[in-house]
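First up is the structure itself, then whatever we jot down about it.
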Amino acid sequence: MTAKIISGNKIAEEMRAEMKKEIEELKAKHSIVPGLAVVLVGENPASVVYVRNKKKSCEEIGINSFEHKLAADASEDKLLAVVDKLNSDDAVHGILVQLPLPKQIDENKVLNRIIPTKDVDGFHPFNVGRMLVGDPIFLPCTPHGVQQMLVRSGVKIAGSHVVIIGRSNIVGKPVAAILIQKAKNADATVTICHSRTKNLPEVTQLGDILVAAIGVPEFVKANMVREGSVVIDVGVNRVEDKSNPKGFRLVGDVAFDEVKEKASAITPVPGGVGPMTITMLLHNTIRAAKLKHNIA
Ligand code: GUN
């Protein structure tokens with residue numbers, strides 16, 4: 001079997017076209033322009049690219065974007081002061097502090113400072129709790145994007161066994177929390193695997209849907225995947241490539257060429273989950289603006 005390619009680019013484009021209309025309506029009927037503030041500390045090359053893409057994506061669909069750049073050696077207090085200012089800025093509906101943060105800054109302390117109603121990343125413990133009890137305000141972007149890709153490409157989630165490799169707070173745990181809910185587009189049986197899992201290939205082979213979020217280039221090989229399963233690759237890894245003008249290329253956590261011969265559907269890297277993450281961020285920003293103005 002050669003897998004169907006699930007194109008995140010295509011699904012993201014569809015969703016962004018829908019959101020663009022929604023924003024035009026918000027402007028026309030309510031005079032509201034959703035606004036997203038993105039805070040970048042330092043110059044981590046991947047983060048710089050992400051932040052640039054977020055800004056461009058906002059502009060394309062009519063969201064105001066505000067960028068705040070701090071030096072790599074900025075103090076925690078300085079960053080907290082920026083967050084406080086954004087918390088009380090009426091033009092800012094969503095706040096995103098790009099991770100990872102430099103060592104001198106306590107990441108949790110910063111994420112906890114963002115007012116939950118502007119927490120478009122869905123990382124604040126308040127929002128994590130709301131997600132877990134099945135009454136979310138904002139779902140975290142990458143996990144929500146994974147769910148949307150499955151739904152919009154017609155993959156049955158209810159009753160399926162979803163095996164997730166990786167237990168991070170950003171991807172592994174929230175993907176599980178979302179897909180395990182007794183709810184529409186969920187109702188899966190969920191297994192989370194990690195670095196201490198015994199007989200990993202035996203466990204991953206159980207997945208009707210396999211989600212790879214480990215951060216190790218091409219970790220998932222064909223022997224770990226069941227014939228006919230759906231494989232979602234959340235990994236974005238830079239590997240050295242001298243033939244590439246940039247000196248690197250992007251690969252996922254899945255050995256794409258061999259796994260695509262066994263799966264029934266698979267997401268590529270790039271062009272898979274990546275564009276969905278920003279799409280769901282735009283979705284959350286619109287939601288934050290509507291919440292503030294009590295629009296259903
Ligand atoms: N760094 C990598 N992914 C993310 C994300 O989804 N949100 C934030 N804030 N930082 C990230």
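Every number in this text was worked out from the coordinates using simple rules, so none of it is lab data. These numbers come from a predicted model, not from an experiment. A quick note on method: Cβ atoms are made from the backbone with ideal geometry, for glycine too, and the neighbour counts reach across all protein chains shown.
Is one or more of the residues making up the range 194-206 within 18 Å of residue 150 (Cβ to Cβ), assigned to a helix (DSSP H, G or I) and within 16 Å of the ligand (Cβ to nearest atom)? The answer is no; no qualifying residue exists. On the stretch given as the range 2-51, residues that are surrounded by fewer than 16 Cβ atoms within 10 Å (Cβ to Cβ), away from the ligand (no atom under 16 Å from the Cβ) and under 20 Å from residue 271 (Cβ atoms) total 8. Can you find a residue in the range 27-38 that is over 18 Å from residue 114 (Cβ atoms), free of Cβ contacts under 8 Å to residues at least 24 places away in the same chain and assigned to a helix (DSSP H, G or I)? Yes, the conditions are met somewhere in the range 27-38. Of the helices (runs of 4 or more DSSP H) entirely within the range 82-173, those holding at least 1 residues that are among the β-branched types (Val, Ile, Thr), touching a residue at least 24 places away in the same chain (Cβ under 8 Å) and within 13 Å of the ligand (Cβ to nearest atom) occupy 107-113, 141-152.
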